[in-house]
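The values are calculated or read from the model by the stated rules, or taken from the named source; none is laboratory data. Everything numeric in this text was worked out from a predicted model, so none of it was measured. Backbone-built Cβ (ideal geometry, glycine too); neighbour counts: all protein chains shown. Protein only, heavy atoms only, side chains kept; ligands, DNA and RNA dropped before computing areas. Shrake-Rupley method; radii C 1.70, N 1.55, O 1.52, S 1.80 Å.
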There are 2 protein chains.
Amino acid sequence: MTYCLAMKLESGLVFASDSRTNAGIDNISLFCKTHIFSLPGVMEIVVLNSGNLATTQEIISTLKQDIENKQEGNLYTLESMFDVAKTIGNLTRKIIERHTRRDSGTDFSCSLLVGGQIKGEVQKLFMIYPAGNFIEATPETPFFQIGELKYGKPMLDRTIHHNTSVEDAIKCAIVSFDATMRSNLSVGLPIKISYLPDTKTGENIPSVLSYTIEEDDETLNRIRKQWKEGLRNVFKSIEAPKWW
Amino acid sequence: MTYCLAMKLESGLVFASDSRTNAGIDNISLFCKTHIFSLPGVMEIVVLNSGNLATTQEIISTLKQDIENKQEGNLYTLESMFDVAKTIGNLTRKIIERHTRRDSGTDFSCSLLVGGQIKGEVQKLFMIYPAGNFIEATPETPFFQIGELKYGKPMLDRTIHHNTSVEDAIKCAIVSFDATMRSNLSVGLPIKISYLPDTKTGENIPSVLSYTIEEDDETLNRIRKQWKEGLRNVFKSIEAPKWW
């Protein structure tokens, strides 16, 4: 399983992904699900993936190879994030279709979160469905999740708004991942957090900042502990119902 | 959609169910999903259902009719909760099989939580699957959920143990339902809470106590507000990560 989260905030784009992949509960591996395409000063694109690992690896490898081969229409030649989403969406649909034609009994599908900025444009964030179509984040719906999303959604619903600070957004992402990892063993560390600051100009595209939360990360352990103790205290402080 | 929760605690059995049923988002109705079978002093059985409404209504109606007709093997003639679970499980499987034979394209399946006590026995709690088989709650796994279970599970995972008090269990159930109702519109009020105290004897089976939380219930609103504000304060009090 996988859990990926991306947010489009006033202050920039925030991404988080776990690293556990399983083909059955007895076959668990580590794979990074965050992929960064960077053409310094021109474009920064972050792609998170969930679903069939062979499919998502084929998508990412194709995108990289097309760039290396200077293929027409490769990511680094595109001029808008909308074109990036269309390109990745089409590729996703084609790959899934090709495999499904040969074996309709296996689930080859995947979903992707694609966010970033291209010179001359504002930042954008898209969620790409297995059919290749996609939706875009707006101030009203500033975050998208893919994979094992439900355990960690209530805290996001309460906290994340378009104008939430990047610090609070990352704190909330950690709380959301903590809840998910507690309730689903197939979502696990390391968690990769990425942040693309919004410079509010179409120029001077900054680089993506990244941090990987490993087992025994001090910040993770501190937030987990404070959150757990805080929840326990709030719960204790609430008077229980007395109906009978 | 539906959300039902049942817990087997030292102090007794606690049940909670919502009341919203939907056949498509534009066809929403209210149906109580808690059914109580009571033979005072002899047995108290609580059945919660999720899934296809026609199937679950047919199960409950058949159980009731068999009791009225004094049918051989009806619930009130059974001498163990294990037999109750087997009887309801078999009925569930038969009804789902009969409908599926005629129309394999529709999902007729359902799940049930069945808990209670029969004179001479200790309290028991079962989760019945669409195949008619079932599992029993133990001190290590004291709660079961059916329906839209993920949004409300993290708080239960943190709080509910075999020796949690009934007051805390009900408070936690309300928090769990609140999270679920916020994140999934198809789970909705009223919530029916039921409690069968454990007298620790196989004799003197008490009656099931029930309370229905309607819109504008003072206790619900108070707990919701205190929980929301408490969460916000805990979240604020945690120092954000500083990585960059």
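For (1) at the interface with another protein chain (Cβ under 8 Å from one of its Cβ atoms); (2) in a loop (DSSP other than H, G, I, E, B); (3) more than 30 Å from A:Lys124 (Cβ to Cβ); (4) hydroxyl-bearing (Ser, Thr, Tyr), each residue gets a yes or a no:
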| position | (1), (2), (3), (4) |
| --- | --- |
| A:Lys200 | no, yes, no, no |
| A:Ser210 | no, no, no, yes |
| A:Leu220 | no, no, no, no |
| A:Lys225 | no, no, yes, no |
| A:Lys228 | yes, no, yes, no |
| A:Asn233 | yes, no, yes, no |
| A:Trp243 | yes, yes, yes, no |
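Is it the case that some residue within segment A:18-31 is under 14 Å from A:Val208 (Cβ atoms) and either of a type outside the set (Phe, Trp, Tyr) or open to solvent by 10 Å² or more (accessible area, probe 1.4 Å) (or both)?
no
Listed here are the residues, each with its yes/no results for (1) within 14 Å of another protein chain (Cβ to nearest Cβ); (2) closer than 21 Å to A:Asp18 by Cα; (3) of a type outside the set (A, V, I, L, M).
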position: A:Ile118; (1), (2), (3): no, no, no
position: A:Gln123; (1), (2), (3): no, no, yes
position: A:Phe143; (1), (2), (3): yes, yes, yes
position: A:Lys171; (1), (2), (3): yes, yes, yes
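Within the group B:Leu189, B:Leu185, which residue is aliphatic (A, V, I, L, M), within 13 Å of another protein chain (Cβ to nearest Cβ), under 22 Å from B:Leu30 (Cα atoms) and assigned to a loop (DSSP other than H, G, I, E, B)?
The match here is B:Leu185.
Which one of these does B:Lys150 not meet: (1) buried (at least 20 other Cβ atoms within 10 Å of the Cβ); (2) among the charged types (D, E, K, R); (3) in contact (Cβ under 8 Å) with a residue 12 or more places away in the chain?
(3)
Hey, among B:Phe144, B:Phe126, which residue is at negative phi, part of a strand (DSSP E or B) and either at pLDDT below 95 or in contact with an Asp or Glu (Cβ under 8 Å, 6 or more places away or on another chain) (or both)?
On the way: B:Phe144 fails: either at pLDDT below 95 or in contact with an Asp or Glu (Cβ under 8 Å, 6 or more places away or on another chain) (or both).
Every option except B:Phe126 fails the conditions.
Using the structure shown, decide if A:Glu72 is assigned to a helix (DSSP H, G or I) and charged (D, E, K, R).
no
Can you report the number of residues in segment A:185-213 which are more than 14 Å from the chain's Cα centre (by Cα) and either crowded, with 22+ Cβ neighbours inside 10 Å or among the charged types (D, E, K, R) (or both)?
Total meeting the criteria: 5.
When the residues of segment A:214-244 are filtered to those that are among the aliphatic types (A, V, I, L, M) and over 20 Å from the mean Cα position of the chain (by Cα), which remaining residue is surrounded by the most Cβ atoms within 10 Å (Cβ to Cβ)?
The initial filter retains those residues of segment A:214-244 that are among the aliphatic types (A, V, I, L, M), namely A:220, A:223, A:231, A:234, A:238, A:240.
Restricting the remaining residues to those that are over 20 Å from the mean Cα position of the chain (by Cα) gives A:223, A:231, A:234, A:238, A:240.
Numbers: A:Ile223: 23, A:Leu231: 20, A:Val234: 19, A:Ile238: 19, A:Ala240: 16.
Only one residue fits best here, namely A:Ile223.
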